[in-house]
Each structure stands twice: as structure tokens, then as C-alpha cells.
Amino acid sequence: MTQVLTVDPQTPDPAALARAGQVLRRGGLVAFPTETVYGLGANALDPAAVARIFAAKGRPAHDPLIVHLAEPDQAAQVADQVPPIAHRLWARFAPGPLTLVLPKHPAVPPAVTAGKPTVAVRIPGHPVALGLLRAAGVPVAAPSANKFGHTSPTTAQHVLDDLGAAVDLILDAGPTPIGVESTIVDLTTDPPTLLRPGGLPREALEAVLGRPLVVAGPGAEARAPGMLPRHYAPRVPLWLFDGPRAWAREMLWQTAAQLARGQGLRVGALVPTEDAARLRALGVQVADLGPEADLETAARRLFAGLRGLEAAGVEVILARTLGEAHLGLAIADRLRRAAAQVLRPPHGQRGP
Ligand code: TXA
Ligand code: MG
């Protein structure tokens with residue numbers, strides 16, 4: 001039976017953290033909130049425990065895990081070399097939604113890094129995650145706590161829905177505050193490479209680095225094997241309108257009208273508040289991302305919105321991107337990966 005312990009997100013009960021830390025030290029699986037999404041944790045130095053993560057998620061062995069630490073000082077336990085730039089980034093952004101790829105230490109079992117010579121390291125900013133890491137006293141390997149290929153979980157209920165009995169203990173601290181996964185930067189390349197846009201905006205990183213990041217192109221899948229084209233998929237097809245705002249809004253609405261009124265389909269839409277009324281008038285089920293200018297709210301509601309539309313039994317989900325600045329880049333990335341179809345404007349109509 002999965003044990004669920006409800007804890008306060010700011011001041012979690014030390015007894016609950018101690019219990020969860022003990023489960024981890026004994027080779028068990030603990031799902032816990034981070035500031036981005038819920039993670040499925042195991043002792044990173046215990047290959048049998050790590051194997052249970054892959055089994056629980058149905059995750060292929062070639063997709064490496066992120067190792068979570070309580071402090072930057074612990075990085076030397078899992079990374080062979082911690083370059084000065086890592087310390088500069090952590091001085092500004094740790095704890096927080098940033099994952100750094102570094103050369104791997106031999107103590108880290110190959111299963112964690114999928115046999116790669118590098119290891120992904122993150123110091124999460126959520127008080128429950130930090131408390132758990134301190135209580136466990138070991139580095140914790142943790143992917144997002146969803147079934148492989150499904151939308152990442154932002155609540156404990158999402159974890160139960162996907163993984164249920166495969167997890168020994170879940171720390172439930174309510175919805176996660178950021179809602180999209182950490183930003184992953186590979187520091188083994190020069191200049192550093194942005195492998196996955198996420199909760200820490202690229203602009204903030206580049207301000208500290210003092211130069212642009214290289215953005216991982218089509219070859220990125222070899223370096224971040226989890227970054228498969230379809231990776232964050234809802235269980236119903238998602239059509240994404242990816243282009244200038246005015247075009248995307250109008251095309252989304254016209255398509256919704258055609259599918260809902262013309263074809264009698266049950267249509268869902270994941271859209272900003274500004275779009276909601278016009279779509280509801282067509283009978284469309286709307287998941288509201290909040291005011292269009294508020295990207296933080298949109299990120300926080302993104303994955304729960306997708307899951308909510310799935311649960312509502314819609315036959316198709318329509319969504320649009322919200323630009324590429326700040327959290328817009330991570331939102332666009334996740335929507336593109338979730339999309340069964342990406343619709344773009346004809347040439348000549350691009351631009352903001
Ligand atoms: O916000 C997050 O990062 C969440 C929370 C739980 O910390 N974790 C998360 O883990 O999103 P996961 O496993 O769902 O995604 C980790 C990504 C995968 O795309 C994986 O391929 C990549 O990190 N990754 C892990 N180790 C890597 C490495 N050594 N080199 C390149 N990419 C790596
Ligand atoms: Mg994941």
C-alpha cells in the first residue's frame with residue numbers, strides 16, 4: 001500500500017521527513033514535491049532502488065535521471081569535476097529550478113546516468129524536497145513522477161493516478177509552485193548548452209553567464225535522451241497553434257467552431273482567460289491558463305490543465321503557444337512535445 005503523508009509546504013513535519021528519508025535509505029521509492037513538479041525519488045547510490053524507478057515509470061533504461069542534492073557542496077560526491085561556472089550559477093540560482101550536467105563521479109551507478117559519462121545535478125528549492133534530502137542524507141535520483149511519456153505531475157493525486165501502488169510513500173504538500181520542470185544546462189560544452197528550457201528563464205541564466213547559451217538543436221536527443229519529440233503527451237490528441245498571437249487565436253477559434261459545431265466532437269481548449277468566453281460559447285471545455293500576460297500562472301496551470309481536459313473526456317485538445325520569452329519558452333517546448341499536430345502560419349505571416 002502506498003502511504004500518503006500530508007505535509008505543510010513551508011514547514012513540513014520533521015517526523016514525516018524522517019520517515020520518508022528512512023524509506024529512501026532502505027531502498028524504497030518516495031514521491032515528493034519540488035518547486036517544479038513532483039519527483040519519484042530513490043537513493044542514487046543504490047542500483048536496485050534506481051532500477052525500481054525505471055520499472056515503476058516504464059521508463060527506458062537509456063534515459064538518464066537527475067540527481068538531487070541538498071547543497072552545492074555535495075556536488076563533489078556525484079560529479080568528478082565541478083567547474084567554477086557551476087558554482088557561479090549555484091551562487092545565484094541554488095536552490096532552484098536549474099539542473100546542471102557535469103562530468104560523472106565513479107560513485108554514481110551507471111543505471112542513473114544511463115551509462116553516460118555525465119551526470120545531471122539539481123538542488124531543488126522546495127522546503128519539502130530540501131527537508132527530505134537532508135533527512136535521507138544520500139543523493140536522490142528522481143525523474144518526474146509520471147508514467148513514461150505522460151504529462152508531468154503537479155499534485156500528489158497526479159502521482160497516485162499514474163503510479164499508484166508502485167510508490168512506497170508520497171509526501172503531499174499540495175500543488176507545485178512553478179509547474180514546469182527545471183531548466184537543464186550542459187556545462188560539459190563550451191559555451192554551455194541549453195538542453196531543456198524550464199522553470200528558470202534562459203534570460204536569467206544568460207545574464208549571469210554573460211553570453212548566450214547554445215540551444216540544443218535536433219541532435220539534442222542524443223545528449224538529453226528524455227527529450228523525445230513526443231514526451232509530455234496527454235492521452236487525447238493535442239493540436240497546437242504555434243505562431244503570432246492574432247493568427248493563433250483566430251485559427252484556434254475557427255478550428256474549435258468547425259470541430260465542435262461542424263463535426264459534433266467534444267473539444268477541449270487550453271487557453272488564456274482572454275480566449276475563454278468565446279470558446280465556451282461554442283460548447284468547448286476550457287482549461288483556463290490565466291491572463292495571457294501572466295506566464296507564471298500559465299506554467300503553473302499547464303500540466304494540470306492537460307490532465308483535467310483528459311479527465312473531462314474531450315476527444316481533441318486545442319492549444320496555442322504564448323511567445324518564447326521567459327517562461328513562454330518552456331511552455332512552448334512542452335506544448336510542442338505534447339502535440340499530435342503543430343499548425344504554423346504560412347510563410348510571410350510569421351513574427352510576433
Ligand atoms: O524539474 C525537474 O527537473 C524534475 C524534478 C523532479 O526535479 N525532474 C525531471 O526529471 O524533470 P525527468 O527525468 O523527467 O527529466 C530529466 C531530463 C531527461 O530529459 C533526461 O534525459 C535529462 O534530464 N538528463 C538526465 N541526465 C542527463 C545527462 N547526464 N545528460 C543529459 N541529459 C540528462
Ligand atoms: Mg519527465
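The values are calculated or read from the model by the stated rules, or taken from the named source; none is laboratory data. Note that the structure is predicted; figures quoted are calculated from it, not measured. Methodologically, a virtual Cβ is constructed for each residue, glycine included, from the backbone with ideal geometry; neighbour enumeration extends over all protein chains shown. Surface areas here come from the heavy atoms of the whole protein model, side chains and all, with no ligands, DNA or RNA. Shrake-Rupley method; radii C 1.70, N 1.55, O 1.52, S 1.80 Å.
Figures for the structure shown
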read-out	value
Hey, Pro97 within 16 Å of ligand 2 (Cβ to nearest atom), assigned by TED's automatic domain parsing to the domain that holds Leu130 and not hydrophobic (A, V, I, L, M, F, W, C) or not	yes
Residues of segment 55-75 satisfying the condition of being buried (at least 20 other Cβ atoms within 10 Å of the Cβ), within 16 Å of ligand 2 (Cβ to nearest atom) and assigned to a helix (DSSP H, G or I)	Ala56, Lys57
Evaluation of Gly217 against (1) away from ligand 2 (no atom under 16 Å from the Cβ); (2) over 23 Å from Leu327 (Cβ atoms); (3) small (Gly, Ala, Ser) (one fails), failing number	(2)
Test: residue in segment 267-278 that is open to solvent by 10 Å² or more (accessible area, probe 1.4 Å), among the β-branched types (Val, Ile, Thr), touching a residue at least 24 places away in the same chain (Cβ under 8 Å) and within 29 Å of Glu181 (Cβ to Cβ)	no
Verdict on Leu187 being touching a residue at least 12 places away in the same chain (Cβ under 8 Å) and open to solvent by 20 Å² or more (accessible area, probe 1.4 Å)	yes
Candidates Ala111, Ala56, Ala120, Ala107, filtered to the one that is in contact (Cβ under 8 Å) with a residue 60 or more places away in the chain and near ligand 1 (Cβ under 8 Å from one of its atoms)	Ala120
All positions within segment 102-127 that are outside any strand (DSSP E or B), more than 18 Å from Phe32 (Cα to Cα) and away from ligand 2 (no atom under 16 Å from the Cβ)	His105, Pro106, Ala107, Val108, Pro109, Pro110, Ala111, Gly115, Lys116, Pro117
Top-ranked residue of segment 144-158 - restricted to ones that are open to solvent by less than 10 Å² (accessible area, probe 1.4 Å) and assigned to a loop (DSSP other than H, G, I, E, B), ranked as farthest from ligand 2 (Cβ to nearest atom)	Thr154
Residue in segment 18-30 that is assigned to a loop (DSSP other than H, G, I, E, B), open to solvent by 40 Å² or more (accessible area, probe 1.4 Å) and of a type outside the set (Asp, Glu) present	yes
